[in-house]
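Okay, so here's the structure we're looking at.
The values are calculated or read from the model by the stated rules, or taken from the named source; none is laboratory data. Treat the numbers as computed from the prediction; the structure is a model and nothing was measured. With ideal geometry, Cβ positions are generated from the backbone for all residues, glycine too; neighbour counts draw on all protein chains shown. Side chains are part of the model used for accessible areas, which takes the heavy atoms of the whole protein and leaves out ligands, DNA and RNA. Shrake-Rupley method; radii C 1.70, N 1.55, O 1.52, S 1.80 Å.
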Amino acid sequence: MSVFTARRWRLLGALMAAVLASFALAACGGNSGLSGSGNEDVTTAKCGDASGSLKISNWPLYIDPKTIKEFQSETGIKTTYTEEVNDNNQFFGKVQGQFSQGNSGGRDLIIVTDWMAEKMWNLGYIQKLDHSCLETVFKNMVPSLKSPAFDPDREYTVPWQSGMTGLMVREDLAPEVKSINDLFDPKYKGKVTMLEEMRDTVPLVMAADGVDPTTATTEDWMNAINKIGDAVKSGQIRRFTGNDFVQDMIKGDVVAAIGWSGDGVQVEADNPNIKYVPPAEGCSLWSDNMLIPVGAPNSPAAYEFMNYVYEPKNQAQITKYVNYVSPVKGVKEVLVKQDPDIANNKLIFPPDSVTEKCFSQVSPPGDEEQQKEVEQAFQNVLTG
Amino acid sequence: MNTFRQRLVPYALLGPGLIWLTIFFVIPMYYMLELSLKTGSLEAGFQMTWAFSNYTDAISQYSTQFWRAFYYAGIASFFCLLIGYPLAYAIAFKAGRWKNLMLFAVVAPFFTTYLIRTVAWKTILDDSSPVVSILKTLHIVPPDGRVLATSAAVIAGLTYNFLPFMVLPLFAALERLDRRLLEAGNDLYATSPQTFWRVTLPLTMPGIVAGVLLTFIPAAGDYVNVIFLGGTSQAMIGNVIQSKYLVVNDYPDAAALSFTLLAIILVALIIYIKFAGTSALMGEEEEAH
């Protein structure tokens, strides 16, 4: 131990300080990169000769793996398909560092929900789409999806799949659950879950209280969050989930939940007692969208893929597999011959009676700061 | 020249470790510290405003989750010790030729990932599982009660996941215990329990101290067990930090919370080591002198 005299320790300390200082200086020069660049200098993604390789980031179980194989063999584009989006916020946290530097991390196409698409666009992370490159897409897109409020001209988004958020019920254990308000019935204490995505859960609770979510104020959001918070404190709500509410329901640990229609179709097939029920006060309608991030290495291939999945026969394969509401016209006609069960399923091809009471998924009103306050209040309920 | 080279040897040996620590620990820590004093949003950028209020807010707003984290981690460490000490004792003294196999069994769970092991507990403890029905017939769990999504489930998960970190240092301490001292105890008319309390336990203190540190510190910062086994009222401070970072994207608050956690653990550590004595941690060296 005698090798390290006090003097040498000091020397070592000075050495380390010098190393640290040089790193700090280098980092200052390089800008912390946490700030957004805005979308004034937005670029338009170019199309053209589609070849080379394509990298797609999507949600788990959101495509039939056969579709990727067939796309590869038909176009010769080598496709890397990653299921790395599990939650909009978490994905944002993961890519934000790269995206803010104009680096897509090699991704050519990403799929996120409406509000996250809008947020990324506002930050300048997303390229504008050239509609002349997307003939198949716009020829086959269902009319009701052509001009959503957040992107009226579909300037930067192309819907991937749509779905409804509503009630999932074990009809054998909780037959009389028809409204979101029934989730607050003490009869089901500790047997109820809600979704951990605020934009899924809170608007439904507001609607159940007679508030129109599309015009709700910050106060309305806070009231609904408080209502949920009280239910958490009393032990009424067991926990908040992602898709995993499904397992809890199969076991019967949970008898009623806020859930997604697509999961409803898949679970009904496994356990006919579990049903998606459109809430009496209305349901929430959302889409996940394909976006080309700034810095995408191969936008022509991304356009090629978008057009490919908008061919009804290719889309039919995806619909059969994921069971969400398809954004493509003519899919039902393809499926009527192939798989009449799916073609007649009211959740996959919802009739007007199911969707008429739906509102499009909304974010809290106000600027970034106010939205953050609401999000924080909801998170505080989650981490009670 | 020769002596100069000799002088350089210790620095050269420290070099790789130091560079590693600097790049992957000191520098990130420095940025975290800087970040924890900023305000702003991810979209507009974070500005340095020396916002020490981030810290006071963090503590006042989330004191419940801090307490809960230390409470859960403390109980889990206690149970680890309670289960781990006899186990390590048995492996060290009684296992004979099964010793290696038993040690392997202690480490075996690490061959599956942490997440999968925790998810497995979800199945073990779900409302209709045999384990829960047995607990109900024994009246440990009330007839309309549940185990999953309660504190008990989270503590059970933590205990299970960190048990090997307790067993291994305890085993190392017991293994190198000089058996002749135990014989001497018997020769001096001490009963077995007396020998245990006055010889074995004090001499294996370093293992206990190390084991408690290795279980308590990671358990206090854990958030995975709560996600799978907890409900809405079990969130630990790790869950708050995770939600601040990944959901609300409030990096300064998250950084302030992380540093507060770090500081509390450091202070607790210092008190603990003072109390347990540095000799307990470095018992071997003390003996050698």
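Just one of the listed residues (B:64, B:39) is of a type in the set (Ser, Thr, Tyr), within 12 Å of chain A (Cβ to nearest Cβ) and touching a helix residue (DSSP H, G or I) at 6+ places or on another chain (Cβ under 8 Å), and it is B:39.
Condition check ((1) open to solvent by less than 10 Å² (accessible area, probe 1.4 Å); (2) outside any loop (DSSP other than H, G, I, E, B); (3) hydrophobic (A, V, I, L, M, F, W, C)) across all residues:
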residue	(1), (2), (3)
A:202	yes, yes, yes
A:205	yes, yes, yes
A:220	no, yes, no
A:224	yes, yes, yes
A:227	no, yes, no
A:239	no, yes, no
A:259	yes, yes, no
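Every test in (1) crowded, with 23+ Cβ neighbours inside 10 Å; (2) in contact with an Asp or Glu (Cβ under 9 Å, 6 or more places away or on another chain) is passed by residue A:124 save one, and that test is (1). Looking only at residues in the range B:246-266 that are small (Gly, Ala, Ser) and open to solvent by less than 10 Å² (accessible area, probe 1.4 Å), the one that is nearest to residue A:88 (Cα to Cα) is B:254. Collect the residues in the range A:127-152 that are over 19 Å from residue A:302 (Cα atoms), among the charged types (D, E, K, R) and open to solvent by 30 Å² or more (accessible area, probe 1.4 Å), keeping them in residue-number order. A:146 - this is the single residue of the range A:127-152 that is over 19 Å from residue A:302 (Cα atoms), among the charged types (D, E, K, R) and open to solvent by 30 Å² or more (accessible area, probe 1.4 Å). Comparison of A:369, A:268 shows that the only residue that is of a type in the set (Asp, Glu), within 14 Å of chain B (Cβ to nearest Cβ) and more than 20 Å from the chain's Cα centre (by Cα) is A:369. Under the condition of being in contact with a Pro (Cβ under 8 Å, 6 or more places away or on another chain) and free of Cβ contacts under 8 Å to residues at least 40 places away in the same chain, the residues counted in the range A:183-219 number 1. Quick check: anything in the range B:16-35 in contact with a Phe, Trp or Tyr (Cβ under 7 Å, 6 or more places away or on another chain) and open to solvent by less than 30 Å² (accessible area, probe 1.4 Å)? There is at least one residue in the range B:16-35 that is in contact with a Phe, Trp or Tyr (Cβ under 7 Å, 6 or more places away or on another chain) and open to solvent by less than 30 Å² (accessible area, probe 1.4 Å). For residue A:349, the requirement of being more than 14 Å from chain B (Cβ to nearest Cβ), hydrophobic (A, V, I, L, M, F, W, C) and in a helix (DSSP H, G or I) is not met. One residue stands out in the range B:228-245 among those that are buried (at least 23 other Cβ atoms within 10 Å of the Cβ), out of contact with any strand residue (DSSP E or B) (no Cβ under 8 Å at 6 or more places or on another chain) and at the interface with chain A (Cβ under 7 Å from one of its Cβ atoms): the one that is farthest from residue A:245 (Cα to Cα), namely B:240.
Determine if the range A:360-374 includes at least one residue that is polar (S, T, N, Q) and surrounded by fewer than 18 Cβ atoms within 10 Å (Cβ to Cβ). The answer is yes; a qualifying residue exists.
Condition first: within 14 Å of chain A (Cβ to nearest Cβ) and over 24 Å from residue B:236 (Cβ atoms). Now tell me which residues in the range B:130-179 satisfy that.
Start the filter on the range B:130-179 by keeping residues that are within 14 Å of chain A (Cβ to nearest Cβ), which leaves B:130-133, B:141-151, B:153-154.
B:130, B:133, B:142, B:143, B:144 - these are the residues of the range B:130-179 that are within 14 Å of chain A (Cβ to nearest Cβ) and over 24 Å from residue B:236 (Cβ atoms).
In the set (1) open to solvent by 70 Å² or more (accessible area, probe 1.4 Å); (2) modelled with pLDDT under 90; (3) touching a helix residue (DSSP H, G or I) at 6+ places or on another chain (Cβ under 7 Å), the condition left unmet by residue B:47 is number (3). Of the set (1) modelled with pLDDT of 90 or more; (2) closer than 21 Å to residue A:362 by Cα; (3) not in a strand (DSSP E or B), all apply to residue A:161 but (3).
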